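Could you have a look at this structure, given as structure tokens, before my questions?
Just so it is clear, none of the values below were taken in a lab; they were calculated from the coordinates. Just so you know, these numbers come straight off a predicted model, no measurement behind them. Please note: Cβ atoms are built from the backbone with ideal geometry, for glycine as well, and neighbour counts cover all protein chains shown.
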Amino acid sequence: MDVRHTFRHQAREKGVPAEAIEQWLRLTRPRTDLVPDGDGPPVGRFGGLPALPDGTDWPGYTSLVLTLDLAALPASGHDLDLPADGTLLFFLMPDWDVEHHAVIHVPAGAPVTERTGDAPVIDCVPLHARAGWSVPRSGSQVPFALGDQDEVLRDVLWCLDHPDYEFSIGGYGGSSTGGADYPATEPLQETVLATVWLDESRVGDTFGTTLMVVNFVISHADLAARAFDKVYLHTDFNG
């Protein structure tokens, strides 16, 4: 079921006024879920080896976690100011260090070579696009307060916070424990570029945890300037 319908139904059952529900839902954003099983050609892949342009070094001791084909990504599936084509590569450091990561845009037509590095290589999984919606999950993500409805809505939003996707582009991002605040808490200045759920069933002990949610966050100004070196991480993990 569409997450918007689920939110509306559950909020109504808890007695949240219709006006407050619709006010919240007006801030819902399109998000593209990236799933292993889907229709059409893949729009990206999890893991594998990167194809990097000549003269571009492997970004330190990092593993490639996500490759995105920007031309194949449905434009209606997000509200991000992304380049129209080329690939976007997302790297993370094994054993975890939030200061060591990278996002690299490879322009379309650039000569590239598949590289090998020193860090572990994650098994490659092709990913398909699936249209989705992202509901803001925290009062810090919306520009208004709902007064005595805040506590009720937190309960509703927590029940929604169990996605059936592992990777996504755009939206409000995610957390796994409820103990961490949600990323992009200043939505007028910054946005979630991608969210990656790293489960030990896919990555083993590469990242030293049973489950880690990594949100790649960037300011709107840096995204417009294609300054992907300014991306920072917001993370939450179990285990």
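How large is the Kirkwood hydrodynamic radius of segment 7-47, counting all unique pairs of alpha carbons, in Å?
It works out to 13.2 Å.
Please list, in chain and number order, the residues 5+ apart from Ala194 or on another chain whose amide H is under 5 Å from its amide H, with Hs placed from the backbone.
Correct list: Gly170, Phe216.
May I pose another question? Rounded, prolate or oblate: which one fits segment 20-73, using the alpha carbon gyration tensor with axes a ≥ b ≥ c (rounded when a/c is under 1.5, else prolate when a/b beats b/c, else oblate)?
In terms of gyration-tensor shape, prolate.
State the Kirkwood hydrodynamic radius of segment 10-136 in Å, one decimal place, computed from all pairs of distinct Cα atoms. Present the calculation step by step, with values, prior to reporting the outcome.
Details: mean 1/r = 0.0598 Å⁻¹.
One decimal place: 16.7 Å for the Kirkwood radius.
Could I ask something else about it? Which cross-chain or sequence-distant (5 or more) residues have an amide H under 5 Å from the amide H of Cys124, H modelled 1.01 Å from N in plane?
Gly48
Let me ask something else. Net charge near Val192: determine it from the other residues with C-beta under 10 Å of the C-beta of Val192, scoring Lys and Arg +1 and Asp and Glu -1. Provide the component values of the computation, followed by the final result.
Numbers: positive: Arg29, Arg31; negative: Glu190.
That works out to +1.
Further question on the same structure: Around Leu64, what is the net charge, scoring Lys/Arg as +1 and Asp/Glu as -1 over all other residues with Cβ under 10 Å from its Cβ?
Numbers: positive: Arg45, Arg115; negative: none.
Surrounding charge for Leu64 is +2.
Hey, what do the phi angles of segment 19-25 turn into as Karplus ³J(HN,Hα) couplings, whole Hz, using 6.51/-1.76/1.60 and θ = phi - 60°, x for Gly and Pro?
4, 5, 4, 5, 4, 5, 5
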